[in-house]
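Taking it in order: structure first as structure tokens, then the write-up.
The values are calculated or read from the model by the stated rules, or taken from the named source; none is laboratory data. As the structure is a prediction and not an experimental result, all values here were calculated from the model. As a convention, Cβ positions derive from the backbone with ideal geometry for all residues, glycine included, and neighbour counts pool all protein chains shown. The accessibility values were calculated without ligands, DNA or RNA, using every heavy atom of the protein model including side chains. Shrake-Rupley method; radii C 1.70, N 1.55, O 1.52, S 1.80 Å.
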Amino acid sequence: GTPSFEAIAGVLAAVGYLERIGRAHAPLASGRRAALLAAFEAIRVYERSLSARLVAGISGLPGYTLLGPNDLARLDERVPTCSFVHRRWQPAEIARALSEEGIAVWHGNFYAIELSEALGLEPGGMVRAGALHYNTPAEIDAFLAALSRIGQSRGLTRG
């Protein structure tokens, strides 16, 4: 068949994007490979700082339970995506309330039904929020402030 020209163009654009990040962090990088390696390292370091902020923030909020490693010394064992639950509010309610504040998260079991059942989280599952290299510390802080407000509220708006 016909090559997937749109996929080829997408991959080229993604590599170019990462190369620009790498060159911004290592302007003397010689060649594309060196620039990509610099990009991956810069992204890893930055996302680790966001992950620390996210993990510490969720762990410190009353009523919330962060799933997975929450020891900041073990951040290298996780990605900057956090799954969590609240003792009172269902994951769908939290996701809806965050959405009303313009914050996008996911809720459910994420096709890991056996894990969700083993953790006693069904049928509601959990909330999942992630931070990536294009997020800012201010966005993480806004997310945590919204979670705090939701956790302290007497009732959530139902759609």
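Checking the conditions here, which among TYR111, TYR134 is among the aromatic types (Phe, Trp, Tyr), open to solvent by 60 Å² or more (accessible area, probe 1.4 Å), free of Cβ contacts under 8 Å to residues at least 24 places away in the same chain and over 29 Å from VAL45 (Cβ atoms)?
Exactly one residue qualifies, and that residue is TYR111.
Can you tell me which residues in the stretch 48-59 are more than 29 Å from LEU18 (Cα to Cα) and surrounded by fewer than 19 Cβ atoms within 10 Å (Cβ to Cβ)?
SER59, the sole residue that qualifies.
Just one of (1) modelled with pLDDT under 95; (2) in a loop (DSSP other than H, G, I, E, B); (3) within 21 Å of ASP141 (Cα to Cα) trips up TYR111, so point out which.
Checking TYR111 against (1) modelled with pLDDT under 95; (2) in a loop (DSSP other than H, G, I, E, B); (3) within 21 Å of ASP141 (Cα to Cα), the one that fails is (3).
Just to be sure before I move on: is GLY120 among the small types (Gly, Ala, Ser), open to solvent by 40 Å² or more (accessible area, probe 1.4 Å), outside any helix (DSSP H, G or I) and over 30 Å from ALA39 (Cβ atoms) in the structure I sent?
So GLY120 fits the description; yes.
Can you name the number of the only condition in (1) open to solvent by less than 30 Å² (accessible area, probe 1.4 Å); (2) aliphatic (A, V, I, L, M); (3) touching a residue at least 24 places away in the same chain (Cβ under 8 Å); (4) not in a helix (DSSP H, G or I) that LEU75 fails?
(4)
Taking the stated definitions as given, is PRO62 of a type outside the set (A, V, I, L, M) and open to solvent by less than 70 Å² (accessible area, probe 1.4 Å)?
Against the criterion (of a type outside the set (A, V, I, L, M) and open to solvent by less than 70 Å² (accessible area, probe 1.4 Å)), PRO62 does not qualify.
Within the stretch 1-47, track down each residue that is of a type in the set (Ser, Thr, Tyr), open to solvent by 80 Å² or more (accessible area, probe 1.4 Å) and part of a helix (DSSP H, G or I).
Of everything in the stretch 1-47, just one residue is of a type in the set (Ser, Thr, Tyr), open to solvent by 80 Å² or more (accessible area, probe 1.4 Å) and part of a helix (DSSP H, G or I), namely TYR17.
How many residues, within the stretch 137-152, are open to solvent by less than 30 Å² (accessible area, probe 1.4 Å) and either polar (S, T, N, Q) or over 13 Å from the mean Cα position of the chain (by Cα) (or both)?
4
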